Amino acid sequence: MIDTNVVLRAHLAGNAALVALVGAKIYCPRLPENTALPAVNFFTRGGLSTPYIPGIPNPSIQIDCWGSSPVAARQVYRAVYDALQGIQNVAVTTGGNTYYILSAREEVEGQDIVDTDIQNYFRTISFFEVKIR
């Protein structure tokens, strides 16, 4: 079984534009407490599976893009969007294995969220469908 979280993190961590914004602060499943911003976290929230193609998982991923302002959070979201939207057959090597992101598409456009309990942490969330082999 493919660990889709590991493959997705490796792909995002290899994207120069995203890394220029957040460095190594790409987390799964949650942002560690007191993480310096900007940062990204993501987790699998479900998805499709088929018994006819068991080696090709098709998860739905929630991606939270964090910034110290709404504009900064949206900037991180744009970098994540550019790293994923519309990609096809992209090789990702991690743990000595090569996997392929066969496709990725945004399911729900980025939504700006204001958390009144956590001051100065702003986020833009989006949902992507990813197919991996």
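Remarks
- Flag if ILE26 is hydrophobic (A, V, I, L, M, F, W, C), buried (at least 16 other Cβ atoms within 10 Å of the Cβ), modelled with pLDDT of 95 or more and within 16 Å of ILE2 (Cα to Cα): no
- The stretch 105-120, residues that are part of a loop (DSSP other than H, G, I, E, B) and of a type outside the set (Ser, Thr, Tyr): ASP115, ASP117, ILE118, GLN119, ASN120
- Considering the stretch 103-133, and only residues there that are aliphatic (A, V, I, L, M) and surrounded by 16 or more Cβ atoms within 10 Å (Cβ to Cβ), the residue that is farthest from the chain's Cα centre (by Cα) turns out to be ILE132.
- Which listed residue, of ILE113, ILE132, ILE87, is among the aliphatic types (A, V, I, L, M) and at pLDDT 95 or above: ILE87
- Cβ-Cβ contacts under 8 Å between residues 6 or more apart (or on different chains), taken from a first residue in the stretch 12-34 that is closer than 21 Å to GLN85 by Cβ and touching a residue at least 24 places away in the same chain (Cβ under 8 Å) to a second residue that is of a type outside the set (Ser, Thr, Tyr) and in a loop (DSSP other than H, G, I, E, B), are listed as LEU21/PRO38; VAL22/PRO38.
- Scanning the stretch 33-67 for residues that are exposed (fewer than 14 other Cβ atoms within 10 Å of the Cβ) and either aromatic (Phe, Trp, Tyr) or over 19 Å from SER126 (Cβ atoms) (or both) turns up GLU33, ASN34, ALA36, SER49, THR50, PRO51, TYR52, ILE53, PRO54, GLY55.
- Residue match in the stretch 57-76 (condition: among the small types (Gly, Ala, Ser), free of Cβ contacts under 8 Å to residues at least 40 places away in the same chain and either under 17 Å from ILE132 (Cα atoms) or part of a loop (DSSP other than H, G, I, E, B) (or both)): no
- As a summary of the residue check, ASP82 satisfies the conditions (1) modelled with pLDDT under 95; (2) under 16 Å from PHE127 (Cα atoms) except for the one numbered (1).
The values are calculated or read from the model by the stated rules, or taken from the named source; none is laboratory data. Quick caveat: nothing in here was measured; it's all calculated off a predicted structure. Cβ atoms come from the backbone with ideal geometry, glycine included; neighbour counts cover every protein chain shown.
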